[in-house]
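The values are calculated or read from the model by the stated rules, or taken from the named source; none is laboratory data. Quick caveat: nothing in here was measured; it's all calculated off a predicted structure. With ideal geometry, Cβ positions are generated from the backbone for all residues, glycine too; neighbour counts draw on all protein chains shown.
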């Protein structure tokens with residue numbers, strides 16, 4: 001429909017896989033799976049529930065009668081009871097035992113946990129693929145010298161590959177956090193209206209062991225090892241905050257990368273992909289704007305701010321539960337996952353098509369390197385019999401003179417000529433230029449890249465190799 005609002009995260013940015021995870025079909029079919037898990041567990045623990053009832057429920061997991069539920073909700077103003085009713089219409093034999101002993105949060109909260117967990121698994125998959133692509137780039141350019149920058153001022157050189165390892169290290173830290181969060185995955189279980197399982201104590205005639213077993217059986221049937229040991233009616237809302245904090249950290253890493261690429265594109269050193277028919281500007285036809293990197297930054301900013309929502313929600317819950325979380329979390333949580341999904345897709349796309357202009361990098365390197373090589377030049381001149389203090393002062397004066405020529409007059413850097421023409425240094429221009437080879441100034445950068453990739457990154461990629469192979473599509 002074109003006459004109603006639709007989130008751009010659906011229409012422009014997020015993948016179909018992530019859109020499905022947060023879709024009504026996924027949500028309500030999971031509700032039905034949870035009702036089946038509840039019925040099966042209650043049957044196994046001795047309640048009078050038949051195989052026929054459960055079989056009928058299984059027949060209608062996916063053919064959700066939305067119209068019936070919608071009409072019922074208009075009458076009763078309760079989404080869960082409307083779907084209990086709709087499911088019961090399709091499963092008349094099971095109708096008496098659907099949702100037996102449970103509260104709304106049994107399906108609502110457990111489903112939210114299942115969906116967030118599956119969404120984080122998809123985030124992990126894309127993160128691993130991104131790390132793999134970026135590691136290839138880092139290895140390819142590990143030896144290519146480039147100016148480094150502190151305060152965005154030219155500083156001691158590094159290599160293009162070494163700079164890429166800084167982006168990679170951020171992502172490796174993010175992957176650790178994702179894996180840690182997934183390792184803690186627990187369901188709410190079946191805790192009742194205030195978390196005491198009172199209704200199940202009634203159903204199981206005071207048998208606490210059966211109440212405890214019920215949580216274990218449901219968790220296992222839904223693919224989890226455990227449930228929260230205690231809760232109010234809801235799972236701790238701190239879980240939402242933890243989830244979005246992990247997403248925020250990924251957004252921060254991507255934002256940093258996107259800013260670096262935008263600055264490098266301004267310097268004409270490295271560009272993001274630019275398609276043959278792509279238009280950079282509606283007015284200035286020559287422009288090649290870094291729109292993918294800008295979009296990464298734009299979406300990342302949203303995620304970083306969005307992470308405040310569950311933090312505030314978690315800190316303002318009253319006692320065993322309130323309902324001021326519901327409207328907020330059904331917006332803030334899905335959209336954070338959809339946005340990070342889009343960010344990772346863009347990041348993979350950019351890395352896969354980065355264009356490196358090595359000649360520009362070299363040209364800009366050589367324009368600045370005479371200033372950075374002055375200490376090397378001075379030490380070599382001292383070895384030839386020069387006075388260190390006298391040479392230091394001369395270099396300071398010549399550097400200021402050359403700097404003024406470059407900045408005030410727009411001319412080439414003539415520092416090498418100034419030094420070569422001063423007999424105090426005892427060095428020819430050729431001898432000075434022999435000291436200016438870019439690879440002489442990058443320290444251990446190539447070795448650091450090799451060590452980092454070999455010892456840290458590639459073992460992680462190998463461990464997760466079954467996750468490789470994500471295909472991303474950029475819609476706009």
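Would a scan of the stretch 362-379 turn up a residue that is part of a loop (DSSP other than H, G, I, E, B) and surrounded by 14 or more Cβ atoms within 10 Å (Cβ to Cβ)?
yes
Of 464, 475, which residue is at pLDDT 90 or above, closer than 27 Å to residue 350 by Cα and under 25 Å from the mean Cα position of the chain (by Cα)?
464
Search the stretch 452-476 for residues that are farther than 20 Å from residue 295 by Cα and pair each with any residue that is loosely packed, with under 11 Cβ neighbours inside 10 Å and modelled with pLDDT of 95 or more when their beta-carbon atoms are under 8 Å apart and the residues are at least 6 apart or on different chains.
Qualifying pairs under 8 Å: none.
Filter the stretch 403-425 for residues that are in a helix (DSSP H, G or I) and in contact (Cβ under 8 Å) with a residue 40 or more places away in the chain; which is surrounded by the fewest Cβ atoms within 10 Å (Cβ to Cβ)?
416
Could you check, for the stretch 149-160, whether at least one of its residues is in a helix (DSSP H, G or I), on the phi < 0 side of the Ramachandran plot and crowded, with 16+ Cβ neighbours inside 10 Å?
Scanning the stretch 149-160, I find at least one residue that is in a helix (DSSP H, G or I), on the phi < 0 side of the Ramachandran plot and crowded, with 16+ Cβ neighbours inside 10 Å, so the answer is yes.
Which one of the conditions (1) within 30 Å of residue 129 (Cβ to Cβ); (2) in a helix (DSSP H, G or I) does residue 185 fail to meet, given that it meets all the rest?
The one condition residue 185 does not meet is (2).
So is residue 210 more than 26 Å from residue 48 (Cα to Cα) and assigned to a helix (DSSP H, G or I) or not?
Spelling it out, it is not the case that residue 210 is more than 26 Å from residue 48 (Cα to Cα) and assigned to a helix (DSSP H, G or I).
Within the stretch 439-446, is even one residue assigned to a loop (DSSP other than H, G, I, E, B) and free of Cβ contacts under 8 Å to residues at least 60 places away in the same chain?
Scanning the stretch 439-446, I find at least one residue that is assigned to a loop (DSSP other than H, G, I, E, B) and free of Cβ contacts under 8 Å to residues at least 60 places away in the same chain, so the answer is yes.
Might you check whether a residue that is exposed (fewer than 11 other Cβ atoms within 10 Å of the Cβ) and assigned to a helix (DSSP H, G or I) occurs anywhere in the stretch 449-458?
Checked the stretch 449-458: at least one residue is exposed (fewer than 11 other Cβ atoms within 10 Å of the Cβ) and assigned to a helix (DSSP H, G or I).
Does residue 165 count as out of contact with any strand residue (DSSP E or B) (no Cβ under 8 Å at 6 or more places or on another chain), touching a residue at least 24 places away in the same chain (Cβ under 8 Å) and farther than 26 Å from residue 456 by Cα?
no
Restricting the search to the stretch 94-112, which residues are assigned to a helix (DSSP H, G or I) and closer than 20 Å to residue 43 by Cβ?
Within the stretch 94-112, 95, 96, 97, 106, 107, 110 qualify.
Let's see how each residue does on (1) surrounded by 15 or more Cβ atoms within 10 Å (Cβ to Cβ); (2) more than 17 Å from the chain's Cα centre (by Cα); (3) closer than 30 Å to residue 452 by Cβ:
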{"residue": "174", "(1), (2), (3)": "yes, no, yes"}
{"residue": "177", "(1), (2), (3)": "yes, no, yes"}
{"residue": "183", "(1), (2), (3)": "no, yes, yes"}
{"residue": "205", "(1), (2), (3)": "no, yes, no"}
{"residue": "227", "(1), (2), (3)": "yes, yes, no"}
{"residue": "230", "(1), (2), (3)": "no, yes, no"}
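Please state which of the following conditions residue 136 fails to meet, knowing it meets all the rest: (1) under 19 Å from residue 455 (Cβ atoms); (2) modelled with pLDDT under 95.
Here residue 136 clears every test but (2).
Part of a helix (DSSP H, G or I), within 36 Å of the chain's Cα centre (by Cα) and over 27 Å from residue 222 (Cα atoms): is that true of residue 142 in this structure?
no
What is the number of the single condition among (1) surrounded by fewer than 20 Cβ atoms within 10 Å (Cβ to Cβ); (2) at pLDDT 95 or above that residue 79 does not meet?
(2)
Name the helices (runs of 4 or more DSSP H) wholly within the stretch 1-93 that hold at least 1 residues that are free of Cβ contacts under 8 Å to residues at least 24 places away in the same chain and over 30 Å from residue 471 (Cβ atoms)?
In the stretch 1-93, 24-44, 51-59, 66-76, 79-90 are the helices (runs of 4 or more DSSP H) which contain 1 or more residues that are free of Cβ contacts under 8 Å to residues at least 24 places away in the same chain and over 30 Å from residue 471 (Cβ atoms).
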